[in-house]
1. Rounded to the nearest 500, what is chain B's calculated 222 nm mean residue ellipticity when only DSSP H runs of at least 4 contribute -39500 (n - 2.57) each, over all residues?
2. Just to be sure I understand the curve: with the Debye formula and one point per C-alpha of segment B:324-378, what is log10 I(q)/I(0) at q = 0.13, 0.17, 0.24, 0.28 Å⁻¹?
3. Over the Cα atoms of segment B:62-125, each weighted equally, I'd like the Debye log10 I(q)/I(0) at q = 0.13, 0.27 Å⁻¹, rounded to two decimals.
4. Compute the projected area of the convex hull of the Cα atoms of segment B:1-113, averaged over all viewing directions, and report it in nm² to one decimal place.
5. List the residues whose amide H sits under 5 Å from the amide H of B:Ser24, counting only those 5 or more places along or on another chain, with H placed 1.01 Å from N in the peptide plane.
6. Round to the nearest 10 and give me the degree value, 0 to 90, for the angle of helix B:32-43's Cα axis relative to the longest principal axis of chain B.
7. Over chain B, what is the relative contact order in percent, taking alpha-carbon pairs closer than 8 angstrom and at least six residues apart?
8. HN-Hα J couplings of segment B:106-116 from phi, Karplus 6.51/-1.76/1.60, θ = phi - 60°, integer Hz, Gly and Pro as x?
Amino acid sequence: MKILLTAKPGTTSLVKTGNWRESHYPEIDHEKCIGCGQCELACPEGICFKTGEQNSKGKFFYEKDLDYCKGCGICAEVCPVKAITMREEKK
Amino acid sequence: MKKILEGSRAIAETVRNIGIDVISAYPITPQTHIVEDLAKLKADGEADYEYIRTESEFAAMSVLIGAAATGARTYTATSSQGLLLMTEVLFNAAGMRLPIVMTDANRAISGPINIWNDQQDAVTMRDAGWIMLYGEDNQETCDLHILAYKIAEKCLIPVVVNLDGFVLTHTVEQVDIAEAKLIKKYLPAFKATEKLDVKNPLTFGAFVTPGQYMEIRQELHDDLRASKKVMAREMLDFKKIFGRKLSLVEYYGAKDADTVVVAMGSVLGTIKEAVDELNKVGKKVGVVKISSLRPFPAEELLKLIGSKKQILVIDKSVSLGEEGILSGEIRRSFYGQSKAKIVGAIMGLGGRDITKEMIKQTIVTAKKTNEQTIFVGK
């Protein structure tokens, strides 16, 4: 046996599971974003995060991490200002 | 030390002498005496393993996965429905490359419910990635257990040692029980290269993506195939230390036989008697014993009996709707490489007796029939 079958703790994040995403990915309109954080709360993968940057209206907008996003679209569904759009992904 | 004792007791004493760290089991007929004897040895202070009686076979094998992952030498025994219940865990044990050794007291599968011997239970785990050995008598079965640990720990592949339920487990005969000291000479303490350790946390049985899965499965496949060579070598070593011969395939009977019977397990004793009688009256018949279903000794068999005219395979199991497991294995191994007429006979299901007369008659029937598979019940 040559292949190592065990893993060190905390190494799961090294696996970029975003490549399982089937067909759609979220796009966040930073100008529309009001920084409410609903997307972060709803995301099952925890890939919506506060960037710490402000838009022209002074709102701290959110961004997504496509390395782990599965494209479920819940963020787009819960966004109260429709700042998130699910776009078709061409691989 | 030579003793007259029940097959189950002989296995229990051998397992105790091997030096096990953790035994976990759930009782089921006809395996019960084995785990009962192991529990008694522990209760009487004659063994120092941890004995865990779980609530099911599924749990028993799961406990062993955990124990084996810590680097412990592990053992369980089961039978029939119990083996089926642990099926999911069996695949994991092999996939995680844990050198667990298990005894399967072969028994029929429900339904209808039947507690007697045939070999249907173990063949259901044929593709689980385990090494599968079959004992002809209690001495050989005990010896195979010692060999099993050696191969399991060398190849990091779990091993199941099969013996016919009741026919062997409940039969009292002479067995030379290998002493612990002698076993230690053959089988050094198991040292796992990687193990569960609170000071150095590791994940066993981790999730893998399509990017890794195939290579890991192929490696198990390749290593299982390669284990045949390891086994052949270890069998020679076994003879040097214990003085008893073990082999992947063994031929018995007329050297110039044109008809050969092939089988696994205790029925070989009856076949050998039948072959003796047939040889005495000038019939050119031989018999081949197969001790390992996985890895399958295809090349060895082809070399041994590929040039024969007629091969009769006796199966105590059947891939329903197709044919016996062993006859199927032989047919694919011989395809395009042998002109032998291969007939599979399904016999002895659910504890039906297989007599010498039935075997002699089946040899005649197999010559005449155009069927690939026949059921012989009387």
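Readers should treat all values here as calculations from the given coordinates under stated rules, not as data from a laboratory. Computed from a prediction, not measured in an experiment: that's the story for all the values here. In this analysis, Cβ positions are derived from the backbone assuming ideal geometry, glycine residues included, and neighbour counts consider all displayed protein chains.
1. Values: 13 runs with 159 residues, N = 378.
Here the helix-only value at 222 nm equals -13000 deg cm²/dmol.
2. -0.35, -0.58, -1.00, -1.18
3. Per q value, in the given order, log10 I(q)/I(0) is -0.37, -1.12.
4. Numbers: hull surface 29.5 nm².
Averaging across all directions leaves 7.4 nm² for the Cα convex hull.
5. Long-range HN contacts for B:Ser24: B:Ile52, B:Tyr75.
6. Long axis of B:32-43 versus the principal axis of chain B: about 30 degrees.
7. On the way: 772 pairs, mean separation 60.4, N = 378.
Relative contact order of chain B: 16 percent.
8. Whole-Hz 3J(HN,Hα) from phi for segment B:106-116: 4, 8, 4, 10, 6, x, x, 4, 7, 9, 7.
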